[in-house]
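To start, the structure itself, in structure tokens.
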Amino acid sequence: MTDPAAEAYRRFRDELLQHGLLISMGVDGLFGRSGTFERVVDGLNAAIAAVGDVDRPEVMRFPPGIGRLQLEKSGYLRNFPHLAGTVASFSGSDDDHRTLLDSLSKGADWSATQRQTGVALTPAACYGVYPVIASRGRLREEGALVDVYTWCFRHEPSIDPARMQMFRQREHVRIGSEDQIASFRETWMERARSLVDSLGLPLTIEVASDPFFGRAGRLLANSQRERSLKFELLVPIVPEAPRTACVSFNDHRDLFGRAWAIEARGGDTAHTACVGFGVERLTLALFRHHGYVPGDWPVSVRNVLGL
Ligand code: ZN
């Protein structure tokens, strides 16, 4: 029996490829993007900036990698070992090189010739921010607010075009006291709701949990839900499948504050939160709901995106 969700994902992906919006790279979840796709992404980023710039966030842009030590210290490998990616490279002798070429010519596994480098792939845009803030010493009274936009990697190959292995997140990250975190999250839930609504997309905001690994992970996910630490803004993209999380609102409590020894005013451990916009997912939702030609989209939607 065929799975109706899988069929629907495949159909949507094939339509995006046929319209040239996504470009196949021969690996599930890895795509090129067309100029049209990127104009929508740019429009979304401008629309997010139009909402968030009033807070005068500090802007940080990072490459799609973080230090491997940063990944280790963040706790990511404890909670999401299945999604993490690290960069390996060849660092052997001439003999090792011959072994590598020999394996390649036989179509055999050549990974034994590779060693971990000091670089890991960024799992979420905000991971680059915490060590930078920590390195500056104790926070000032107003805390810190950062606008960050980065390519992220998650190892979850899928035929669902909205579940890419490499994608971009536009985040605002708040670091400070519990009160500052609470009002940040409330503000952004309202802002995100009205932004996505102005794009003519049906949405709901619901309590959610992260995809923690393994049996212990289920307990973590339950506790995260019970404490309402994560909310997601969901948009139906493929009707036969569960709705897609396009924006997430995360209260990390003092998890990163402890990991990086970030001190809030008065010496308490800082709390952190982030709001993350999945720009590819929102772009896909726009194509799904308004059609494959942005010129045909409702004027109100095009105005928001500057298209
Ligand atoms: Zn984040």
Extreme residue, farthest from the chain's Cα centre (by Cα), among residues of the range 271-302 that are over 18 Å from Phe12 (Cβ atoms) and within 15 Å of the ligand (Cβ to nearest atom): His271
Checking Pro239 against (1) modelled with pLDDT under 95; (2) crowded, with 20+ Cβ neighbours inside 10 Å, the condition it does not meet: (2)
Boolean, Asp42 is open to solvent by 40 Å² or more (accessible area, probe 1.4 Å) and farther than 30 Å from Phe213 by Cα: yes
Those residues of the range 231-269 which are of a type in the set (Gly, Ala, Ser) and more than 15 Å from the ligand (Cβ to nearest atom), in sequence order: Ala241, Ala261, Ala264, Gly266, Gly267
Where a residue in the range 106-121 is farther than 26 Å from Lys73 by Cα and its partner, wherever it lies, is among the acidic types (Asp, Glu), with Cβ under 9 Å and at least six apart: Ala108/Asp102; Trp110/Asp102; Thr113/Asp96
Tally, over the range 268-307, of residues that are assigned to a helix (DSSP H, G or I), open to solvent by 30 Å² or more (accessible area, probe 1.4 Å) and not polar (S, T, N, Q): 9
Test for Leu220: is it in a strand (DSSP E or B), away from the ligand (no atom under 16 Å from the Cβ) and either in the same structural domain as Thr187 (by TED's automatic domain parsing) or farther than 24 Å from Ile48 by Cβ (or both): no
Residue list for the range 140-159, filter: among the acidic types (Asp, Glu) and either more than 29 Å from Asp179 (Cα to Cα) or open to solvent by 20 Å² or more (accessible area, probe 1.4 Å) (or both): Glu141, Glu142, Glu156
Search result, residues across the range 140-189 that are closer than 17 Å to Leu282 by Cα and either outside the structural domain of Gly278 (by TED's automatic domain parsing) or not in a strand (DSSP E or B) (or both): Asp160, Pro161, Ala162, Arg163, Met164, Gln165, Trp188, Met189
Residues of the range 225-255 classified as assigned to a strand (DSSP E or B) and touching a Pro at 6+ places or on another chain (Cβ under 6 Å), total: 0
Every residue from the range 101-136 that is of a type outside the set (Gly, Ala, Ser), modelled with pLDDT of 95 or more and open to solvent by less than 30 Å² (accessible area, probe 1.4 Å): Thr122, Pro123, Cys126, Tyr127, Val129, Tyr130, Pro131, Ile133
Which numbered condition Gly52 misses (of (1) in a helix (DSSP H, G or I); (2) touching a Gly at 6+ places or on another chain (Cβ under 8 Å)): (2)
Residue among Arg13, Arg56, Arg98, Arg78 that is over 17 Å from the mean Cα position of the chain (by Cα), among the basic types (Lys, Arg) and at positive phi: Arg56
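The values are calculated or read from the model by the stated rules, or taken from the named source; none is laboratory data. Everything numeric in this text was worked out from a predicted model, so none of it was measured. Every residue, glycine as well, gets a Cβ built from its backbone with ideal geometry; the counts of neighbours run over all protein chains shown. What goes into the accessible areas is simple: the full protein's heavy atoms, side chains included, and nothing from ligands, DNA or RNA. Shrake-Rupley method; radii C 1.70, N 1.55, O 1.52, S 1.80 Å.
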